[in-house]
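Below is one structure; the comments refer to it alone.
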Amino acid sequence: MKKFLPWIIIGILVIGLYSWGKGFNNTAVRYEADAKTAWSNVESAYQRRADLIPNLVATVKGYAAHEKETLEGVIKARSEATKTTIDANNLTPETMAQFQQAQQGLSGALSRLLVTVERYPDLKADKSFLELQSQLEGTENRINVERNRYNQAVNKYDIHTTEFPGKLLAGLFGFEEMPRYKSDPGSENAPKVEF
């Protein structure tokens with residue numbers, strides 16, 4: 001029996017290490033999948049916004065046809081924003097910055113459009129415009145919620161893969177830190193409101 005004792009101890013250690021590695025890997029895979037799903041939800045919320053824009057532009061066009069430059073700017077920004085997508089398997093700070101820049105362009109164009117609307121009281125009272133504006137506001141809130149959920153999912157994944165001793169296994173299994181969604185540059189400053 002003494003002769004088998006070292007083999008039994010080695011066997012127990014191997015089984016223990018295997019179980020630990022398997023548990024770490026499976027949890028990291030699950031957390032990574034959750035983060036990728038959360039990113040897909042972010043893109044879905046942005047797509048909903050992009051889908052609302054043609055109806056909004058068409059409604060505004062009926063009242064403010066001579067605001068051609070503003071309307072074309074929104075259409076162009078929407079086109080750029082929908083062209084820029086990120087594969088959830090390729091989330092890097094660079095691709096996130098490109099995506100965010102395209103979305104900023106669309107947000108700016110929408111802001112200019114809504115400022116233009118202020119000059120048309122009949123449009124502001126139009127039922128379909130009010131409904132579209134309400135849906136757009138709700139969608140902007142959804143975007144913010146989904147970005148926060150994405151960051152929470154990434155945080156859970158990153159903590160799991162960067163805390164010791166998981167960090168050792170993360171490198172071994174190829175798990176890398178995922179980028180978080182960051183606020184737009186300058187958003188830390190309060191907007192200047194003038195009357």
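The values are calculated or read from the model by the stated rules, or taken from the named source; none is laboratory data. This is a predicted model, so every value here is computed, not measured. For neighbour counting, all protein chains shown are included, and Cβ atoms are generated from backbone atoms with ideal geometry for every residue, glycine included.
Listed values, structure above:
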item	result
Test result for Ala58, buried (at least 19 other Cβ atoms within 10 Å of the Cβ) and assigned to a helix (DSSP H, G or I)	no
Identity of the residue in the stretch 48-82, of a type in the set (Gly, Ala, Ser) and within 27 Å of the chain's Cα centre (by Cα), that ends up nearest to Gln103 (Cα to Cα)	Ala81
Search result, residues across the stretch 42-78 that are small (Gly, Ala, Ser) and either closer than 29 Å to Lys182 by Cβ or touching an Asp or Glu at 6+ places or on another chain (Cβ under 8 Å) (or both)	Ser44, Ala45, Ala50, Gly73, Ala77
Residues within the stretch 170-184 that are buried (at least 17 other Cβ atoms within 10 Å of the Cβ) and under 24 Å from Leu17 (Cβ atoms), tallied	2
Residue list for the stretch 131-160, filter: surrounded by fewer than 17 Cβ atoms within 10 Å (Cβ to Cβ), more than 19 Å from Asp34 (Cβ to Cβ) and touching a residue at least 60 places away in the same chain (Cβ under 8 Å)	Gln135, Glu140
Check on Ser40, surrounded by 11 or more Cβ atoms within 10 Å (Cβ to Cβ), more than 21 Å from Val154 (Cβ to Cβ), within 15 Å of the chain's Cα centre (by Cα) and polar (S, T, N, Q)	no
Matching residues, the stretch 110-130, being crowded, with 17+ Cβ neighbours inside 10 Å and over 25 Å from the mean Cα position of the chain (by Cα)	Thr116, Val117, Leu123, Asp126, Phe129
Any chance Ala33 is closer than 30 Å to Thr161 by Cα and at pLDDT 85 or above	yes
Qualifying residue in the stretch 70-77 (condition: at pLDDT 85 or above, within 23 Å of Lys167 (Cβ to Cβ), among the basic types (Lys, Arg) and surrounded by fewer than 16 Cβ atoms within 10 Å (Cβ to Cβ))	no
Wholly enclosed helices (runs of 4 or more DSSP H) of the stretch 93-180 bearing at least 1 residues within 19 Å of Ile75 (Cβ to Cβ)	93-117, 121-125, 127-162
Residue list for the stretch 115-130, filter: of a type in the set (A, V, I, L, M) and either touching a residue at least 12 places away in the same chain (Cβ under 8 Å) or closer than 20 Å to Lys83 by Cβ (or both)	Val117, Leu123
Selection status of Thr82, β-branched (Val, Ile, Thr), within 30 Å of Asp158 (Cα to Cα) and surrounded by 14 or more Cβ atoms within 10 Å (Cβ to Cβ)	yes
Selection status of Ile15, aliphatic (A, V, I, L, M), part of a helix (DSSP H, G or I) and surrounded by fewer than 14 Cβ atoms within 10 Å (Cβ to Cβ)	yes
